[in-house]
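The values are calculated or read from the model by the stated rules, or taken from the named source; none is laboratory data. Being a predicted model, the structure only gives us computed values, none of them experimental. Reconstructed Cβ throughout: ideal geometry from the backbone, glycine too, with neighbour counts over all protein chains shown. Just the protein is used for accessible areas: all its heavy atoms, side chains included, with ligands, DNA and RNA removed. Shrake-Rupley method; radii C 1.70, N 1.55, O 1.52, S 1.80 Å.
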Amino acid sequence: MDTFSEVYQKSVEVLKTQSLDDSWKKIESNLKMMLKPDGPDAGQARSLDELRDYLHEIGKGGGATASAQAEAMLKAANVGTPGFQERAAFLKTMQHFYLVEKKGNQSVWVMDPPKNLTAWPYDQFAGKTKEGIKTDLMLAVEIFGDANRQMMSDSLQLARKWSMEVQIKLAAAEPSTLEIVKRWFHAGGDDEQKVLATTATLLTGFKKITNACNSTNVTFSDLPHLRDDFDGDGTFAAVAEGETRPVIYLFKEFLKLGSPNKMGVIPKLWLCALTVVHELTHSLLQTEDIKYDHQGLNVRPGFSHKDALNNAESWAYLAADLVGAVSEADRKKALRQ
């Protein structure tokens, strides 16, 4: 499996054809109501807490907690019967799936697997014996954690706020807005009509970004099977080609941006929001990563107006600049001024 969407659809399928032990019937029934084919139902998200609460009660017992919980999940999966690996993987997936926030019609979800799980549970458990699966079920320390899950939701809400403000400014096309558009997408000699045409293109794009930020379900996730490929290489986040719902995959560099200071404030939350806008342009507008901020985003020989319009980082910095979120020093650094 490559994407969270595949994992989600597999989870829906498991509950269609396979059942858990009788002692889990209530939780199973509630999970079925939550796992709608077109996305999770926030109104039924309590079923995830019920699952975790049930495991917590079973696991009370000091050092035997992880082992007792793993045994409970194996029993629920009807260990030893055909398909028990998939049922155990389903339970492990649900144990680490969270509704982080619900505002209006929007629900923000996070898939937060254990950091020592190196593949999606369905792939990790495939073909394993009870003993092998039990070892994996005992893994508990999650890759993100509670504080980071909330930070992801906050970054999305900030990106949403930005996009709505940017949309209004681009629609009005006042001289101050056009100057900022020119700053990120044009060389010095381009005339006003060309800048207005760019502004219209940006407006169309940010309408799509705003709609995505307002989507009923937005999911943040780890990519356990590709974690080592991205961690440490400067990648903050990614989206998967062809994924139909907004799913943003996050890596260690993004978590560093979202680290709070001693006062509990996240100084670089604006960069987290910038990253969300950047990734949404990939999935919604098919932008590319032609240049990043450390490579200079100013239009110049070798990086044309057309390149800038096709560059995710340029769209993201335009948004931050239009809403006043980027400092003059950071702006000059990104533009190599």
*Being surrounded by 14 or more Cβ atoms within 10 Å (Cβ to Cβ) and in a loop (DSSP other than H, G, I, E, B) is the filter; apply it to the range 20-47 and report the residue that is farthest from the chain's Cα centre (by Cα).*
Asp21
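Take the range 161-190 and flag every residue that is part of a loop (DSSP other than H, G, I, E, B), open to solvent by less than 60 Å² (accessible area, probe 1.4 Å) and out of contact with any strand residue (DSSP E or B) (no Cβ under 9 Å at 6 or more places or on another chain). Steps first, answer last, please.
First, pick out the residues of the range 161-190 that are part of a loop (DSSP other than H, G, I, E, B): 173-174, 186-190.
Remaining after also requiring open to solvent by less than 60 Å² (accessible area, probe 1.4 Å): 173, 186-187, 190.
Residues satisfying the conditions are Ala173, His186, Asp190.
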*Any chance Gln193 is closer than 30 Å to Arg52 by Cβ, among the polar types (S, T, N, Q) and either modelled with pLDDT of 95 or more or open to solvent by 30 Å² or more (accessible area, probe 1.4 Å) (or both)*: no
*Thr135 passes all but one of (1) assigned to a loop (DSSP other than H, G, I, E, B); (2) under 30 Å from Thr81 (Cβ atoms); which number fails?*
(1)
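Could you count how many residues in the range 223-254 are part of a helix (DSSP H, G or I) and open to solvent by 30 Å² or more (accessible area, probe 1.4 Å)? Give the steps one after another, and end with the answer.
Filtering the range 223-254 for residues part of a helix (DSSP H, G or I) gives 227-230, 252-254.
From the residues that got through so far, the ones that are open to solvent by 30 Å² or more (accessible area, probe 1.4 Å) too are 228-230, 252-253.
Residues that pass the stated criteria total 5.
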*With respect to Ile58, is the statement that it is open to solvent by 30 Å² or more (accessible area, probe 1.4 Å), β-branched (Val, Ile, Thr) and either in a helix (DSSP H, G or I) or touching a residue at least 24 places away in the same chain (Cβ under 8 Å) (or both) true?*
yes
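Out of Phe206, Phe220, I need the residue that is open to solvent by less than 10 Å² (accessible area, probe 1.4 Å), part of a strand (DSSP E or B) and more than 15 Å from Glu6 (Cβ to Cβ). Which one?
Values: Phe206 fails: part of a strand (DSSP E or B).
One residue alone meets the criteria, Phe220.
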*Give the residues of the range 255-295 that are among the hydrophobic types (A, V, I, L, M, F, W, C), out of contact with any strand residue (DSSP E or B) (no Cβ under 9 Å at 6 or more places or on another chain) and not in a helix (DSSP H, G or I), sorted by residue number.*
Met263, Val265, Ile266
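Limited to the range 316-330, what total is found for residues that are part of a helix (DSSP H, G or I), open to solvent by less than 50 Å² (accessible area, probe 1.4 Å) and over 16 Å from Ala187 (Cα atoms)?
Qualifying residue count for the region: 6.
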